[in-house]
Amino acid sequence: MSGRMEGKITVITGGTSGIGEVTAEVFVAEGAKVVLAGRSKDKGESIARRLGDNAVFRATDVMNEQEIKSLIDFTVDRFGRLDCMFNNAGGPSRGTLETVTKDDFDYSMHLLLGSVIFGMKYAAPVMKQQKSGCILNTSSIAAIRSNQGGYLYCAAKAAVTHITKIAGVELGPFGIRVNSISPGAVATPIFWAGSPKAKNLSSEEAAQKLDKLTQNLAHATALKQAGLPRDVAMAALYLASDEGSYMTCQDIVVDGGRTSLFHEPPRA
């Protein structure tokens, strides 16, 4: 690796699986010090041990504003600064257009949109004081195309893409860049994370599901191959590194050409 993130202090929410885990691996390999945030203490600590001295895990529920604040406070107390905040945590939404409840709405919006808003809320003052910083938000092609996710998932991700641009304009004068990444056709466990059986899957069963998903997603892209978490991690690396120093208020789509393919509307 070339040290593209040398010395940069980074927080990654949703850092215990999929895109977050692989991004942590890439950032550490490029010289960053990474605080992994997630709910699974055992898994998070295991990943941090594997990544070595430049990674640390902090148990965090991103649906709790105070825990997000504590995450940022912990990072600054430990490392003295915050160079990159990657608001990556997420999961499936609940409810459909005709069945959605207030609880579905509250859950989905807190997880997918609130976690991003509060992540930016507590990262921004630290970065303003430094007069520098990079905020990355994970959005989705569901923000710009139909049939790419649940009803509230699409709505929340569209909001993430838009508030990224608003925040980028507001924070730009302070030397803070704000961008989003919209993955599509990327094979990660998020596709079955909402299933009641997900927690009981063995490692072998999860691997089989991921392999089958990878094969299926390949048919839905212009490149005829599924995306992998590393594909998104490399986009994050560009945006977070000095190479992306003139990039702000942008949404980078990483989808193998999926959003450019013709697709039929849903059948009635």
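The values are calculated or read from the model by the stated rules, or taken from the named source; none is laboratory data. Please read all numbers here as calculations on a predicted model, not as lab measurements. Quick reminder, even Gly has a Cβ in these numbers, built from the backbone with ideal geometry, and neighbours come from all protein chains shown.
In region 1-20, of all residues being closer than 16 Å to G52 by Cβ and surrounded by 24 or more Cβ atoms within 10 Å (Cβ to Cβ), the one that is farthest from the chain's Cα centre (by Cα) corresponds to M5.
Kindly indicate whether L210 is at pLDDT 95 or above and either outside any loop (DSSP other than H, G, I, E, B) or outside the structural domain of T138 (by TED's automatic domain parsing) (or both). When the stated conditions are applied, L210 does not pass them. Reported count of residues in region 223-258, each being part of a strand (DSSP E or B) and of a type in the set (G, A, S), is 1. State whether one or more residues within region 198-207 are out of contact with any Leu (no Cβ under 7 Å at 6 or more places or on another chain) and at pLDDT 85 or above. No.
Counted as qualifying within region 37-154 are the helices (runs of 4 or more DSSP H) with 3 or more residues that are under 20 Å from the mean Cα position of the chain (by Cα), of a type outside the set (F, W, Y) and buried (at least 16 other Cβ atoms within 10 Å of the Cβ), namely 41-51, 65-79, 115-130.
Conditions tested, residue by residue: (1) modelled with pLDDT of 95 or more; (2) over 27 Å from F174 (Cβ atoms); (3) not charged (D, E, K, R).
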position	(1), (2), (3)
G44	yes, yes, yes
V62	yes, no, yes
F74	yes, no, yes
L97	no, yes, yes
M109	yes, yes, yes
F118	yes, no, yes
K128	yes, no, no
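The residues of region 222-243 that are farther than 14 Å from G20 by Cα and surrounded by fewer than 20 Cβ atoms within 10 Å (Cβ to Cβ), listed by number, are A222, L223, K224, Q225, Y238, D242, E243. When you check S132 against the structure, is it at pLDDT 95 or above and out of contact with any strand residue (DSSP E or B) (no Cβ under 6 Å at 6 or more places or on another chain), yes or no? Judged against the criteria, S132 is a match.
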